[in-house]
Amino acid sequence: MLKKYSAYKNLIQLAHPLVKSYITKIRDKNTSYLEFRQYVDKLSMLLAYEAGKEVGLKSCNIKTPLASYRGSVIKDEIVLMPILRAGLGLLNGFTSIFPEARISHLGVYRNESTLQPIRYYFKFPVLKNKKNTIVYILDPMLATGGSMCSAIDETKKTGVLKIVAACLVAAPEGIKEVQKYHSDIKIFTCAVDKKLNNKGYIMPGLGDAGDRLFGTI
Ligand code: PRP
Ligand code: URA
């Protein structure tokens, strides 16, 4: 079940009842970090399933035990790129849907006073065919959009043509920022929240995703 926001081009919000219930679980401040991780895992699998609609297929011929069959296989090479740290929380769910994906790591944190993204690490695979590659950038939170735009900028420099942003909670400010600078990029999200507070946190949000995932509060 999907809801396509007409106000936001290229934004796909999951509207499945399981997503709504799991998102509520991770928003709850009384959810332990153990449960937080477990529900992020479930959400990321559902998100990967929906975002998987972006992959290209090619035909193949196989034989069932009874007959020949013309089927389909995934044509694209898949790269999963979690934005460190909190993006790592989405990795299990995505690798269970895309078991053969390569994994790129991008280190970005935002300066808590200026809210500007600071890039500190980037490792990207050597690709056979950039035209048939799809990069999923994973980050639970799209707040000002600075971190996601920085990740998209870096990924575009590799020459890959197809990039998809995947997050759990998005703020209108972050969605608009991505659309302003990268109108070609689709964003898949489990929730769209109201706004940012004056410290750049998503409201109502879920707090600091990295701290809640890794128990560093
Ligand atoms: C969080 C989150 C995003 C970023 C979103 O990471 O995981 O990467 O903030 O904010 P933005 O849209 O305003 O850029 P954070 O910088 O807290 O680093 P962490 O993952 O290491 O905790
Ligand atoms: N990063 C987070 O982890 N949470 C927010 O609400 C905003 C940025």
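The values are calculated or read from the model by the stated rules, or taken from the named source; none is laboratory data. Since we're looking at a predicted model, the values are computed, not measured. All Cβ positions, glycine included, derive from the backbone under ideal geometry; neighbour counts span all protein chains shown. The accessibility values were calculated without ligands, DNA or RNA, using every heavy atom of the protein model including side chains. Shrake-Rupley method; radii C 1.70, N 1.55, O 1.52, S 1.80 Å.
Can you tell me, using C-alpha contacts under 8 Å and at least 6 residues apart, the relative contact order of the chain as a whole percent? Write down the numbers at each step before the final one.
On the way: 437 pairs, mean separation 46.8, N = 217.
Result for the chain is 22 percent.
Quickly estimate the mean residue ellipticity at 222 nm for the chain, helices only: each DSSP H run with n ≥ 4 gives -39500 (n - 2.57), and the total goes over all residues, rounded to 500. Before the final figure, lay out the partial values.
Details: 6 runs with 64 residues, N = 217.
Computed ellipticity for the chain at 222 nm equals -9000 deg cm²/dmol.
Taking GluC sites (Glu not before Pro) as exposed when DSSP calls them loop (any state but H, G, I, E, B) and at most 13 other Cβ atoms lie within 10 Å, what is the longest stretch of the chain free of them, the sites themselves excluded? Numbers along the way, then the final one.
Numbers: sites that count: Glu100, Glu112.
Value returned for the longest uninterrupted segment is 113-217.
Compute the longest continuous run of the chain that contains no exposed trypsin sites (Lys or Arg not before Pro); treat a site as exposed when its DSSP state is not H, G, I, E or B and it has at most 10 other Cβ atoms within 10 Å.
Working: sites that count: Lys29, Lys128, Lys157, Lys199.
Between exposed loop sites, the widest span is 30-127.
Just the accessible area per residue of the chain, please: how many Å² with a 1.4 Å probe? Could you put the intermediate results ahead of the total?
Values: 11330 Å² over 217 residues.
Dividing the accessible area of the chain by its residue count gives 52 Å².
What accessible surface, in Å², does a 1.4 Å probe find on Val126, ignoring ligands, DNA and RNA and rounding to the nearest 10?
About 130 Å², ignoring ligands and nucleic acids.
Can you give me the distance in nm between label points at Met45 and Leu161, each placed 7 Å from the Cα along the Cα-to-Cβ direction?
3.4
Contour minus end-to-end for Lys176 and Tyr120, with contour as 0.36 nm per residue of separation and end-to-end as the Cα-Cα distance?
17.7 nm
Using a Förster radius of 25 Å, what is the FRET efficiency between Asn61 and Asn129 based on their Cβ-Cβ separation? Nearest 0.05, please. Provide the component values of the computation, followed by the final result.
Working: r = 22 Å, r/R0 = 0.87.
So, using R0 = 25 Å, E works out to roughly 0.70.
State to the nearest 20 debye the size of the charge dipole of the range 107-209 about its Cα centre, where the only charges are +1 on K and R beta carbons and -1 on D and E beta carbons. Don't skip to the end; give the middle numbers.
Working: 15 positive and 9 negative charges, 93 e Å.
Magnitude of the dipole: close to 440 debye.
Which percent, to the nearest 5, of DSSP beta bridges fully inside the chain are antiparallel? Can you show the working numbers first?
Numbers: 18 of 44 bridges.
Percentage antiparallel, nearest 5: 40.
Along the charge dipole of the chain, Cβ charges K/R +1 and D/E -1, which of Ser113, Tyr136, Gly215 sits furthest on the positive end?
About the Cα centre, the residue reaching furthest to the positive side is Tyr136.
Quick one: pull the percent of accessible area on the range 61-217 belonging to carbon and sulfur, 1.4 Å probe, ligands and nucleic acids left out. Mind showing how you got there, number by number?
Working: 4140 of 7750 Å².
The nonpolar share, carbon plus sulfur, comes to 53 percent.
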